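K.L.:
Quick one: structure below, then a few questions.
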Amino acid sequence: MSLMNGKNILLGVSGGVGAFKACELLRLFLKAGSGVRVIMTESATKFVTPLSFQSLGAEAVSYDMFAEKRDTLEHVSWADWGEILVIAPATANIIGKLANGIADEALSTQAIAFDGNILLAPAMNVKMYNNKTVRKNIEYLNSIGVNFIGPETGQLASMITAAGRMSEPELVFKRTRQLLLNRSSLRGKKVIVTAGPTVEPIDPVRSISNYSSGKMGYALADAAAGFGADVNLISGPVHLDVPPSVKIINVKTAEEMLSAVRKECAGADLLYMAAAVADYRPSVFHRQKIKREKDSMRLDLRANPDILKSLGRNRPKVAIGFALETENIKARAIEKLKEKNLDFIVANNPTEKGVGFGSDFNKVALYGKKGFNLILEKAEKFDIAVKIIEESIKLLNKRGSKRKKQN
Ligand code: CTP
């Protein structure tokens, strides 16, 4: 079942031009199966109406603390109901109120009564964002564990390009999803993820590659950040947004990926080698574009280094590989598990309908040492990633306790 399914989300909306983005954010939460109650400041109601959120499917919308209603202790009962409070957009005004304990309307009152995770997506004019008091308020909220996403640099309402735009709803959704995971599971751990294809150039305009979309690797990086890890994502060329709180290292060829993996894996705790590394590269790189001259041509290829095999002393405490197989999946995956000295291997078949390359879904089998195996039925790649990480946390913890016993 999806992580977001059945979650109770409090969505706070304060008054800024970005308020319309909260409608899209609500839609994303609802699509993922979460229940959402919306709390608006009075000024937010000037930008979007409570009816907009109600019509989109919010469970309830609160904006007037003094309106006649059945639940007079709404600020307390909603705070108990919500698993996370997301305020998007968060104006300088609401940030100031949260930092100073002011509760003078529906949203700030609910926020003060709420003791769970809070995520703020600031949006304001750049001059306001750079204001010393606003910065001090943000710093203070950060120091007491309030989470922030953005603001992004982009075109503001004033038409200038500067920092102050609210992060896109998709990104706020992803950060919320991360914050619903148990952040202490991998706190202080260094996690390396590789993703996407490698691209091996033939000449300045042509290359050899594969159809990997990078989605599985990006989902792993996303989920690992949610579990509280410091995540470095080494990615081949893909068309995906970098997940929140993840450091990206872009590479192109297998050789570039190899040197990035070697460098980053030193001192790392976990490695997820989800990249589809091209097995071969052209033996020679033609500096000029190859001309069409004959009816056929031969391209001489040379094997790329096997990144996992060549890790040696840089191998992290737990290393997980992926096996992309179109036949004899289990036997081949187990062969690779042994050959590459992995803790477990995630096997999948990219030709299966509705999963694999390019899809948002996957269906995989995990094979490990001593006959360990676990089938993960078709689910969103993020949810598959959560399960894979949970299994690797078990291994990492076992290693940790073994070491402690030895000492
Ligand atoms: N891998 C690697 N270096 C390579 C090729 C693959 O580290 N040069 C890693 C992949 O990232 C994956 C695992 O090895 O985690 C298995 O990759 P896969 O492409 O399934 O297998 P190969 O080892 O390339 O073997 P084959 O293509 O013959 O199936």
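K.L.:
From the set of residues in region 259-282 that are of a type in the set (D, E, K, R) and not in a strand (DSSP E or B), which is farthest from Ile345 (Cα to Cα)?
P.N.:
So, considering only residues that are of a type in the set (D, E, K, R) and not in a strand (DSSP E or B), the one farthest from Ile345 (Cα to Cα) is Lys263.
To keep it simple, each residue is scored yes or no on (1) surrounded by fewer than 18 Cβ atoms within 10 Å (Cβ to Cβ); (2) modelled with pLDDT of 95 or more.
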position	(1), (2)
Ile39	no, yes
Leu51	yes, yes
Asp64	yes, no
Asn100	yes, yes
Ala103	yes, no
Phe114	no, yes
Val126	yes, no
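K.L.:
Identify all residues within region 354-372 that are over 18 Å from the mean Cα position of the chain (by Cα) and assigned to a strand (DSSP E or B); write none if there are none.
P.N.:
Lys363, Val364, Ala365, Leu366, Tyr367, Gly368
K.L.:
Just to be sure before I move on: is Val318 more than 12 Å from the ligand (Cβ to nearest atom), in contact with a strand residue (DSSP E or B) (Cβ under 6 Å, 6 or more places away or on another chain) and at pLDDT 95 or above in the structure I sent?
P.N.:
yes
K.L.:
Consider Leu179 carefully, then state whether it is farther than 18 Å from Ala19 by Cβ and surrounded by fewer than 24 Cβ atoms within 10 Å (Cβ to Cβ).
P.N.:
Details: farther than 18 Å from Ala19 by Cβ: yes; surrounded by fewer than 24 Cβ atoms within 10 Å (Cβ to Cβ): yes.
Yes, satisfied.
K.L.:
Of all residues being among the acidic types (Asp, Glu) and at pLDDT 95 or above in region 269-299, which is farthest from the ligand (Cβ to nearest atom)? Just the residue, please.
P.N.:
For region 269-299, the residue satisfying everything is Asp269.
K.L.:
Something else now. Six or more apart or on different chains, Cβ atoms under 7 Å: show the pairs whose first residue is in region 182-208 and within 19 Å of Glu390 (Cβ to Cβ) and whose second is hydroxyl-bearing (Ser, Thr, Tyr) and in a strand (DSSP E or B).
P.N.:
Taking only residues 6 or more apart or on different chains, the pairs are Val193/Tyr272.
K.L.:
In region 354-373, what count of residues is obtained for those that are charged (D, E, K, R) and either surrounded by 13 or more Cβ atoms within 10 Å (Cβ to Cβ) or touching a residue at least 60 places away in the same chain (Cβ under 8 Å) (or both)?
P.N.:
Selection size over region 354-373: 2.
K.L.:
Check region 339-352 and report whether any residue there is more than 10 Å from the ligand (Cβ to nearest atom), more than 18 Å from Pro197 (Cα to Cα) and within 22 Å of the chain's Cα centre (by Cα).
P.N.:
no
K.L.:
If you don't mind, there's one more thing I want to ask. What are the residue pairs meeting all of these: first residue in region 321-343, first residue within 12 Å of Leu366 (Cα to Cα) and at pLDDT 95 or above, second residue more than 8 Å from the ligand (Cβ to nearest atom) and aromatic (Phe, Trp, Tyr), Cβ atoms under 6 Å, and 6 or more apart or on different chains?
P.N.:
Ala333/Tyr367; Ile334/Tyr367; Leu337/Tyr367
K.L.:
Does Ala333 count as open to solvent by less than 20 Å² (accessible area, probe 1.4 Å) and assigned to a helix (DSSP H, G or I)?
P.N.:
yes
K.L.:
For the condition surrounded by 18 or more Cβ atoms within 10 Å (Cβ to Cβ) and assigned to a helix (DSSP H, G or I), what is the one hit in Ala22, Ala88? Explain how you work it out, then say what you get.
P.N.:
On the way: Ala88 fails: assigned to a helix (DSSP H, G or I).
Unique residue meeting the criteria: Ala22.
K.L.:
Taking region 274-309, which residues are surrounded by fewer than 17 Cβ atoms within 10 Å (Cβ to Cβ) and in contact with a helix residue (DSSP H, G or I) (Cβ under 7 Å, 6 or more places away or on another chain)? Can you show your working first?
P.N.:
Initially, region 274-309 is screened for residues surrounded by fewer than 17 Cβ atoms within 10 Å (Cβ to Cβ), giving 279-280, 283-303, 305-306, 309.
Selection gives Pro305 alone.
K.L.:
In addition: Quick one: count up the residues across region 257-301 that are touching a residue at least 24 places away in the same chain (Cβ under 8 Å), of a type outside the set (A, V, I, L, M) and within 20 Å of Asn210 (Cα to Cα).
P.N.:
The total comes to 6.
K.L.:
Here are the criteria: (1) assigned to a strand (DSSP E or B); (2) farther than 17 Å from Ile9 by Cβ; (3) of a type in the set (A, V, I, L, M, F, W, C). Tell me which single one Phe66 does not satisfy.
P.N.:
(1) is the only condition that Phe66 fails.
The values are calculated or read from the model by the stated rules, or taken from the named source; none is laboratory data. Keep in mind that this is a model prediction, so the values were computed, not measured. Counting neighbours? That spans all protein chains shown, and the Cβs are built from the backbone with ideal geometry, glycine included. Accessible surface areas use protein heavy atoms only, side chains included; no ligands, DNA or RNA. Shrake-Rupley method; radii C 1.70, N 1.55, O 1.52, S 1.80 Å.
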